[in-house]
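Scroll down for the structure; my scribbles are underneath it.
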Amino acid sequence: MLDIKTGPKGDTIKVDSRWLRDHCRCSKCYNARTKQRLFNLVDMPKDLKAKDLKYTKDDSFLEITWHDGHVSEYQIDFIVSSQHDRFLEKLEKDTTRTLWDVPTIEKNKSQLYFKLGDLSTSDAMVKDLMGSLYRYGLVFITDVPATTTMTEMAVRRVFPLMKTLYGEMFTFAQDYLHDDITYSHDYIGPHTDHTYFCDGAGLQALHCVLHTGEGGENFFIDGLQVAKELRRRNPKAFDILSTVHVPAEFFDKEECHRFSSPTIRVDPVTNEIVQFRLNLYDRSVFDTIPQTEMRGFYESMREFLSIVHEPQHWWQLKMNPGTVVIFDNWRLLHGRCAYTGQRAMTGCFVQRTDFLSKARLAGIIE
């Protein structure tokens, strides 16, 4: 460990020599144009030692000469801002997300609606949409002609599409194009899509292009808000649902997908919730834990679902032709009420990595 001076008052931080050598930004170790590392860790000496440390440019830079003769130069601010405690401080101060219940989302719903015409002519409006989508987990695009083609155009204005077993764009009505309850008239409870995929879609877009009957209201629940409440009421249940892998599957004549993951996926570094994988319909045989642990799992799941179904978390609305909803499939649970008559929904998916990439480029997240 090296003591690195970080300011005029003589403050220091301890930094590992190997971390410093790994983060050398000289032209031999780092391609500044492509922002890719060139230094291979296998070439790092086992007995790595700093031969000389020299502060330059009013102590804002550090030059290290290593015992093998290599010279590295660092900005002090870069070293300080790259430490783990600073990373955690940024997370604690982050205000880019708003957890919500029904009163909160109703109060802020004016931030969720965007006209297609405005999005088509304004990059600033597209950025605003992405900001609201990241903050609340859903947005609505209005004035969209009720066709698959125009729905695709509206989504592509913001994001590239993800190709799945349904293609890039899909339309579902009463005809069973795949063996999935989506194609029925039945009630579909709160869930996330693609629990059977290794990497489920990050976003989903839906547009009701036809409905001649009654019912069919859609509902959305903020999984982050529900999980926060579960964690407060029953920390043990939260721990169980964030560690026990639940198997899921989808198969028909042409496809066979299987995957297992915790219902609540938590980042092991930040302890933040990353993703919800909840779909009671797509669960396969539950064999990932011994029978002696089943009771704890089922009791935990029941408590979680009880919170999900509490009225204050259940935002229900009627989706009519002309309005496209885009929502975060890793954060929100969604479903629909049973319906009568003919009803057709068209839509698509967006990969999580594409969503976050667009948000970073727009300056919404780091």
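The values are calculated or read from the model by the stated rules, or taken from the named source; none is laboratory data. For clarity, every value in this text was computed on a predicted model and none was experimentally measured. When we count neighbours, we look across all protein chains shown, and the Cβ atoms used for this are built from the backbone with ideal geometry, even at glycine. When the accessible area is computed, the model is the full protein with side chains, heavy atoms only, and any ligands, DNA or RNA have been set aside. Shrake-Rupley method; radii C 1.70, N 1.55, O 1.52, S 1.80 Å.
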What does the accessible area per residue of the chain come to in Å², with a 1.4 Å probe and no ligands, DNA or RNA counted? 52
Beyond a 24 Å Cα-Cα separation, which of these cross-linked pairs lie in this structure: Lys5/Lys57; Lys115/Lys228; Lys90/Lys127? Lys115/Lys228
5 angstrom amide H check on Trp100, placed H, neighbours 5+ away: Gln225
Amide H neighbours of Leu332 under 5 Å, at least 5 residues apart or on other chains, H built in the peptide plane: list them. Gly223
Once ligands and nucleic acids are excluded and a 1.4 Å probe is used, how much of Ser300 is accessible, expressed in Å² to the nearest 10? 10
Please list the non-local residues whose amide H lies under 5 Å from the amide H of Lys115, H modeled 1.01 Å from N, same-chain partners needing a gap of 5 or more. Thr142
GNM on the chain, C-alpha springs below 10 Å: top fluctuator among Pro290, Pro321, Pro103? Pro290
Classify the stretch 229-328 from the C-alpha gyration tensor, please: rounded if a/c falls under 1.5, else prolate or oblate depending on whether a/b exceeds b/c. oblate
Charges at C-beta only: +1 for Lys and Arg, -1 for Asp and Glu. How large is the resulting dipole of the chain about its Cα centre, in Debye rounded to 20? 920
Candidates Ser261, Ser81, Ser72: whichever shows maximal mean-square fluctuation once the chain is modelled as a Gaussian network with Cα springs under 10 Å: Ser72
Percent carbon-and-sulfur accessible area, the chain, ignoring ligands, DNA and RNA, probe 1.4 Å: 50
Spin-label pair Asp59/Leu356, simplified geometry with 7 Å Cα→Cβ offset, distance in nm: 3.8
Please state the charge dipole magnitude for the stretch 241-366, taken about the Cα centre, from unit charges on C-beta atoms (+1 on K and R, -1 on D and E), reported in debye and rounded to the nearest 20. 400
Rounded to the nearest 10 Å², the accessible area of Glu299 using a 1.4 Å probe with every protein chain kept is 100
D (µm²/s, integer) via Stokes-Einstein for the stretch 136-262, Kirkwood Rh across alpha-carbon pairs, 25 °C, 0.890 mPa s: value 141
Largest first, how would Thr171, Thr142 line up by accessible area (1.4 Å probe)? Thr171, Thr142
Can you list the HN-Hα couplings for the stretch 107-115, worked out from phi with the Karplus curve (6.51, -1.76, 1.60; θ = phi - 60°), rounded to whole Hz and with x for Gly and Pro? 5, 10, 5, 5, 7, 9, 10, 9, 7
Here FRET efficiency (C-beta to C-beta, Arg18 to Thr243, R₀ 25 Å, nearest 0.05) is 0.20
Specify the residue with the greatest mean-square fluctuation among Gln36, Gln342, Gln275, computed from a Gaussian network of the chain linking alpha-carbon atoms under 10 Å apart. Gln36
Could you state how much accessible area Leu361 has, in square angstrom rounded to the nearest 10, with a 1.4 Å probe and all protein chains kept in place? 150
In the stretch 195-265, which trypsin sites (Lys or Arg not before Pro) are in a loop and have at most 13 other Cβ atoms within 10 Å, using DSSP for the loop call? Lys253
